[in-house]
Each structure stands twice: as structure tokens, then as C-alpha cells.
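Structure first, then comments.
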Amino acid sequence: MSEDGITLNLRDIRQDAGLSLSKAAEVTGVSKAMLGQIERGESSPTIATLWKIAKGFHLPLTALIGEASQPEGSGGRSFRSVQFPGSIAVKMVFPFDPVLGAETFHVSLRPGQSHQSQPHDTGVTEEVFVLEGAMEVLRDGSWVPLETGQGLRFAADQPHGYRSGDRGAAFLNMHHYRRVGTVE
């Protein structure tokens with residue numbers, strides 16, 4: 001994905017919230033300078049930075065990285081892939097659905113690749129289902145091994161991570177957001 005989608009989404013989200021760059025920096029923990037660079041298309045944000053912004057605005061990740069497009073004459077959907085600099089590759093399978101409170105990604109890990117994630121917004125739960133290869137998921141401070149065809153659900157509002165085996169791995173990553181007005 002080009003940064004243009006992120007640039008436009010971030011600017012629109014910030015303006016819709018009625019926040020200055022300074023106030024958005026306070027809310028997200030991302031510097032005013034970095035937010036400005038992202039909005040102007042001068043910086044390619046890391047996935048960690050995007051998660052900080054999403055968490056600060058209490059939004060799903062796909063609110064920042066764009067929507068799926070429907071090709072003309074096609075019964076299926078075509079989805080964006082995002083390769084984050086020095087990090088994981090993510091393809092949107094299902095953008096955020098406000099009725100379900102969920103979004104789904106296809107994530108690819110190179111052989112031996114590891115990705116650590118900071119806590120997401122309060123109440124976010126993740127599900128990982130391994131499509132190819134073997135991997136481990138960091139949950140509750142311990143690495144849990146998973147093989148092709150296995151899955152794991154965990155609280156993502158705490159530090160967590162993923163690492164692949166020597167063949168690499170591909171997995172579905174579903175994010176479920178706590179619904180406003182639900183019992184905690």
C-alpha cells in the first residue's frame with residue numbers, strides 16, 4: 001500500500017476528532033513531528049507506530065491502512081497488502097466490520113522472523129490460525145508453539161508477539177474489539 005492511504009486516513013481521523021497535531025500526539029504517544037510527517041506522506045510508519053495511533057484513537061488498524069476494493073465484474077474481493085519497513089507483511093482479508101467488531105489479516109513471516117507487538121486497546125482479543133509452516137505466539141510471557149492447522153486465542157491488550165520456524169509461516173490474524181456498551 002502506498003503511504004497516501006495512511007496519510008489521508010490519519011488526517012481525516014484527526015480532523016474528524018477535532019484534534020490538533022499536538023493533541024493527537026498526546027492521545028497517541030506518537031510525536032507531533034512524526035504525525036505531521038505521516039500526514040504529509042514524508043514518512044512510512046512502522047506497524048508499531050500505526051498500532052499506537054489506532055490505540056490512541058480507539059480505532060481498528062484497518063481504519064488507518066485503508067479499505068478493501070471490489071474489482072469490477074468480480075465476485076471476489078481484492079485486498080491491500082502492506083509491507084511494513086523492516087517488519088511483517090500484512091494483507092487485509094476482511095477490513096473492520098463495526099457490526100462484528102472484528103477485522104482479519106493474512107500475515108507472512110520470513111524464516112526465523114520475529115515480531116513483538118505492544119498492547120493494543122483495552123479489551124482487544126486476537127486469534128491466530130496457522131495456514132503454512134510452524135510458528136510461536138508470545139502470550140502471557142511464554143512462547144506457545146503452533147503448527148499448520150492449529151490456532152490460539154489470546155488477550156492482545158498486553159505485550160505479545162509472533163515468530164516463525166526455519167521455513168517461515170503464514171497465518172490468519174483476527175482482531176476482535178470490545179464493543180461499546182458491553183459488559184466487561
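From the phi angles alone, apply the Karplus equation (6.51, -1.76, 1.60; θ = phi - 60°) to region 152-162 and give each ³J(HN,Hα) in whole Hz, x where the residue is Gly or Pro.
These are the phi-based 3J(HN,Hα) values: 8, 10, 7, 6, 9, 8, 9, x, 8, x, 9 Hz.
Give the relative contact order (percent, whole number) for the chain; include only Cα pairs under 8 Å separated by 6+ residues.
Contact order relative to length: 18 percent.
Which order do the peptides 137-147, 163-173 take when ranked by the mean count of other beta-carbon atoms within 10 Å per residue, highest first?
The packing order, highest mean first, is 163-173, 137-147.
Where does region 102-168 land on Rg/Rh, using Cα atoms and the Kirkwood Rh?
We get a ratio of 0.94 for region 102-168.
Can you send over the solvent-accessible area of residue 55, 1.4 Å probe, protein chains only, in Å² to the nearest 10?
Roll a 1.4 Å probe over it and residue 55 shows about 80 Å².
Calculate one ³J(HN,Hα) per residue across region 14-29 by plugging θ = phi - 60° into the Karplus curve 6.51 cos²θ - 1.76 cosθ + 1.60, and present them in order as whole Hz with x for glycine and proline.
So the J values, rounded to whole Hz, are 5, 5, 4, 7, x, 10, 6, 4, 4, 5, 4, 5, 4, 5, 9, x.
Return the carbon/sulfur percentage of the accessible area of region 95-153, one whole number, probe 1.4 Å, all protein chains in place.
Roughly 51 percent of what the probe reaches on region 95-153 is carbon or sulfur.
Rounded to a whole number of µm²/s, how large is the Stokes-Einstein D of region 1-65 at 4 °C and 1.567 mPa s, given Rh as the Kirkwood radius over C-alpha pairs?
In µm²/s, the coefficient is 115.
Mean residue ellipticity at 222 nm from the helices of the chain, using -39,500 (n - 2.57) per DSSP H segment of n ≥ 4 over the full residue count, to the nearest 500 deg cm²/dmol?
-7000 deg cm²/dmol
Ignoring solvent entirely, what values of log10 I(q)/I(0) come out of the Debye formula for the chain at 0.09, 0.13, 0.17 Å⁻¹ when each Cα is a single scatterer?
-0.33, -0.69, -1.16
The values are calculated or read from the model by the stated rules, or taken from the named source; none is laboratory data. Everything numeric here is computed off the predicted structure, so don't read it as measured data. Ideal geometry is used to build each Cβ from the backbone, glycine not excepted, and the neighbour counts take in all protein chains shown. To get the accessible areas, we keep the full protein, side chains included, count just its heavy atoms, and leave off ligands, DNA and RNA. Shrake-Rupley method; radii C 1.70, N 1.55, O 1.52, S 1.80 Å.
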